[in-house]
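Reviewing the structure listed below.
The values are calculated or read from the model by the stated rules, or taken from the named source; none is laboratory data. Predicted, not measured: the structure shown is a model, and the values here were computed from it. When we count neighbours, we look across all protein chains shown, and the Cβ atoms used for this are built from the backbone with ideal geometry, even at glycine.
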């Protein structure tokens with residue numbers, strides 16, 4: 001007796017899901033590098049706002065590809081829609097990276113940069129929710145456990161980053177901070193690179209690992225169904 005033919009629509013949605021995960025996997029580090037270089041370097045200035053727009057558009061493309069999978073699942077769709085909304089916000093604000101580099105003294109550009117940084121952290125936070133919901137729908141218990149565990153850790157780290165940034169900004173706005181507060185601000189500013197690695201690069205690396213693992217599970221399911 002021949003095996004049942006896989007659902008063509010399901011296979012097509014799984015293929016788009018895998019392409020979307022690939023776009024996210026390569027788009028996340030590209031967005032971090034390009035946006036950081038656009039903010040502080042001069043070698044991207046001839047290209048203007050195009051590099052930042054391109055990498056943020058790649059992230060949106062990845063989420064849009066994933067939107068065809070399991071449209072009837074409400075928690076999955078809600079998490080994906082929030083990530084898409086924040087991706088659109090990032091796409092709209094990313095040109096201010098270039099403009100702030102050209103005119104760093106403009107308060108409006110500085111405020112837009114701060115809003116972009118908050119939106120980018122929230123985007124990564126919601127992307128981990130998307131991966132958690134996606135892992136819960138895929139038939140792999142190991143992946144389900146890993147996405148639940150590591151996405152929770154990533155969300156805790158990103159939440160701590162936001163609270164830490166809000167506290168740092170609040171303390172730095174004190175007109176005449178106490179000696180202890182001023183010492184804390186100096187130490188935090190000097191340790192900013194280590195804090196960046198722990199609170200940003202670590203969640204980013206774990207998110208990329210979850211994306212890669214999820215894509216591998218999907219590809220195994222697609223090719224296994226065709227054998």
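Of the residues 188, 184, 197, 222, only one is under 21 Å from the mean Cα position of the chain (by Cα), part of a helix (DSSP H, G or I), at pLDDT below 85 and more than 26 Å from residue 92 (Cβ to Cβ); which?
So the residue among 188, 184, 197, 222 that is under 21 Å from the mean Cα position of the chain (by Cα), part of a helix (DSSP H, G or I), at pLDDT below 85 and more than 26 Å from residue 92 (Cβ to Cβ) is 197.
For segment 7-26, how many residues meet the condition of being modelled with pLDDT of 80 or more and outside any helix (DSSP H, G or I)?
0
Is it the case that residue 158 is in a helix (DSSP H, G or I), modelled with pLDDT of 80 or more and surrounded by 12 or more Cβ atoms within 10 Å (Cβ to Cβ)?
Yes: the conditions hold for residue 158.
Checking residue 209 against (1) touching a helix residue (DSSP H, G or I) at 6+ places or on another chain (Cβ under 8 Å); (2) closer than 22 Å to residue 26 by Cα; (3) surrounded by 14 or more Cβ atoms within 10 Å (Cβ to Cβ); (4) at pLDDT 75 or above, which single condition isn't satisfied?
Among (1) touching a helix residue (DSSP H, G or I) at 6+ places or on another chain (Cβ under 8 Å); (2) closer than 22 Å to residue 26 by Cα; (3) surrounded by 14 or more Cβ atoms within 10 Å (Cβ to Cβ); (4) at pLDDT 75 or above, the lone unmet condition for residue 209 is (3).
Restrict the check to segment 95-103 and report whether at least one residue is over 13 Å from residue 129 (Cβ atoms) and surrounded by fewer than 16 Cβ atoms within 10 Å (Cβ to Cβ).
Yes.
Residue by residue through segment 70-93, note down the ones that are at pLDDT below 90 and surrounded by fewer than 15 Cβ atoms within 10 Å (Cβ to Cβ).
Once the filter is applied, which keeps residues that are at pLDDT below 90 and surrounded by fewer than 15 Cβ atoms within 10 Å (Cβ to Cβ), segment 70-93 yields 71, 72, 74, 75.
Given the criterion closer than 17 Å to residue 117 by Cα and touching a residue at least 12 places away in the same chain (Cβ under 8 Å), identify the matching residue among 59, 63, 85.
59
I'd like the full set of residues that are within 18 Å of residue 117 (Cβ to Cβ), surrounded by 11 or more Cβ atoms within 10 Å (Cβ to Cβ) and over 22 Å from the mean Cα position of the chain (by Cα), limited to segment 36-53.
Of everything in segment 36-53, nothing turns out to be within 18 Å of residue 117 (Cβ to Cβ), surrounded by 11 or more Cβ atoms within 10 Å (Cβ to Cβ) and over 22 Å from the mean Cα position of the chain (by Cα).
Looking for something at pLDDT 90 or above, surrounded by 12 or more Cβ atoms within 10 Å (Cβ to Cβ), over 14 Å from the mean Cα position of the chain (by Cα) and farther than 23 Å from residue 35 by Cα - is there at least one such residue anywhere in segment 127-138?
Checked against the condition, which is being at pLDDT 90 or above, surrounded by 12 or more Cβ atoms within 10 Å (Cβ to Cβ), over 14 Å from the mean Cα position of the chain (by Cα) and farther than 23 Å from residue 35 by Cα, segment 127-138 yields at least one hit.
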